[in-house]
Amino acid sequence: MPSFKCRDIGMNCGWEASASNVDELMKKIAEHAREAHGITEIPQDLVEKVKSAIKE
Ligand SMILES: [Zn+2]
């Protein structure tokens, strides 16, 4: 099950999430980024960073 920790991309944030697949997890991450970090649209370099931080 893929999981992600906000901390792993250098955020000072204790949020973590897991989902049944990467697409679902990316949706959760996008929602969290918007609500907690004010990132309305995740730039491509951040997407890459997030993807490399996801543990399967
Ligand atoms: Zn966060």
Residue separation between Met1 and Trp15 times 0.36 nm, minus their alpha-carbon distance, gives in nm 3.4 nm
Nearest 10, in degrees from 0 to 90: the angle of helix 22-37 to the longest Cα principal axis of the chain is 30
Cα-based Rg/(2.2 N^0.38 Å) for the chain, rounded to two decimals, is 0.99
In the chain the accessible area split gives carbon plus sulfur, as whole percent at 1.4 Å, a share of 45
accessible surface per residue for the chain, probe 1.4 Å, DNA/RNA/ligands not counted, whole Å² -> 68
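The values are calculated or read from the model by the stated rules, or taken from the named source; none is laboratory data. Worth saying up front: this structure is predicted, and the values here are computed from it rather than measured. Surface accessibility is based on the protein's heavy atoms, side chains included, excluding ligands, DNA and RNA. Shrake-Rupley method; radii C 1.70, N 1.55, O 1.52, S 1.80 Å.
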